[in-house]
Amino acid sequence: MQDIEAVLQSVADVLLPDFPRHRSISIDVRSSAAGPRVLAIKSSEGSHQVLLNVQGARWDQLAYQFSHELCHIVSNYDRREIGSVPALRGHQWFEETLCEAVSLMTLDRLTSKWEQSPPVAGWQDYAGAFRNYAQRLLSDPHRHLPHSSSFAAWYRENERALEEDPYLREKNELAAVALRELLENTPGSLAAIGYLNLESSGRGSFAAYLASWYDCCPEAHRPFVLRLMSLFNAA
């Protein structure tokens with residue numbers, strides 16, 4: 001249990017500095033075949049409840065799953081699900097995609113962190129497992145656009161399906177690769193995620209959803225949202 005907690009804390013250490021509004025959050029993590037997922041209802045003590053489904057000492061899978069669910073938390077999933085803001089299930093696919101992109105980025109960050117300063121002495125050699133897992137995920141053919149197809153064209157073809165079912169994993173994972181590139185190359189990108197779902201435009205268009213996010217972001221974090229608008233041709 002101490003080893004598992006060390007891995008989870010390491011994930012939090014590489015992500016939460018970008019989310020000062022969420023630094024005081026409390027999370028209960030349990031192993032469950034129903035995971036990975038974050039429950040819509042908090043515990044009686046007010047903690048977010050995260051279920052993970054990892055067998056054995058697979059720290060790479062544990063970090064991958066936990067970072068995805070942690071991204072839901074910092075992107076204010078509870079406002080979307082049960083708060084005063086109307087649920088925007090039609091755009092939930094985007095949150096799923098964004099969290100997948102953050103998971104891939106987290107594996108890269110853990111690789112660098114554990115090479116220099118692992119949470120447990122002697123764990124430096126495990127840093128390569130994070131790198132290898134990320135590379136294996138990124139090598140999946142379904143994560144890449146067909147040749148001669150633009151991302152905006154792909155999105156237009158798949159927009160309706162994504163809105164109808166936010167858990168089309170192969171489509172989410174393809175879009176996540178494009179979002180990961182933006183996350184890595186746009187200053188303030190991760191911090192912008194902390195302002196998602198704070199307000200909504202009702203059951204409006206995806207463009208309106210992104211515009212609402214843009215309005216909620218401080219000026220320093222808006223370039224990332226603008227680049228996303230351009231990527232999806234949703235300005």
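The values are calculated or read from the model by the stated rules, or taken from the named source; none is laboratory data. This structure is a prediction, so every number in the text was calculated from the model and none was measured. Ideal geometry is used to build each Cβ from the backbone, glycine not excepted, and the neighbour counts take in all protein chains shown.
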Problem set entry | Answer residue from segment 5-40, given it is part of a loop (DSSP other than H, G, I, E, B) and in contact with a helix residue (DSSP H, G or I) (Cβ under 9 Å, 6 or more places away or on another chain) and is nearest to Glu96 (Cα to Cα) among those | Pro36
For this session: Return yes or no: is Gln135 assigned to a helix (DSSP H, G or I), buried (at least 18 other Cβ atoms within 10 Å of the Cβ) and modelled with pLDDT of 95 or more?
Result: no
Problem set entry | Residues that are farther than 19 Å from Tyr64 by Cβ and either touching a Ser or Thr at 6+ places or on another chain (Cβ under 6 Å) or without any contact (Cβ under 8 Å) to a residue 60 or more places away in the chain (or both), drawn from segment 21-38 | Arg23, Ser24, Ile25, Ser26, Asp28
Seminar exercise, completed: Of those in segment 162-189 that are small (Gly, Ala, Ser) and modelled with pLDDT of 95 or more, the residue farthest from Ser103 (Cα to Cα) is Ala175
Exercise. Given the structure, is Ala153 free of Cβ contacts under 8 Å to residues at least 24 places away in the same chain, out of contact with any helix residue (DSSP H, G or I) (no Cβ under 9 Å at 6 or more places or on another chain) and under 26 Å from Pro223 (Cβ atoms)?
Worked result: yes
For this session: Would you point out which residue out of Ser10, Ser26 is more than 24 Å from Thr111 (Cβ to Cβ) and more than 15 Å from the chain's Cα centre (by Cα)?
Result: Ser26
For this session: Considering (1) touching a helix residue (DSSP H, G or I) at 6+ places or on another chain (Cβ under 9 Å); (2) assigned to a loop (DSSP other than H, G, I, E, B); (3) farther than 19 Å from Glu181 by Cα, say which one Ala127 fails and leave the rest.
Result: (2)
Exercise. Lys171 is checked against (1) closer than 15 Å to Gln92 by Cβ; (2) more than 16 Å from the chain's Cα centre (by Cα); (3) among the basic types (Lys, Arg) and fails just one. What number does that condition carry?
Worked result: (2)
Exercise. How many residues does segment 138-187 contain that are surrounded by 15 or more Cβ atoms within 10 Å (Cβ to Cβ) and not in a helix (DSSP H, G or I)?
Worked result: 3
For this session: Kindly list the number of the only condition in (1) under 11 Å from Asp60 (Cβ atoms); (2) touching a Gly at 6+ places or on another chain (Cβ under 7 Å); (3) not hydrophobic (A, V, I, L, M, F, W, C) that fails for Glu163.
Result: (1)
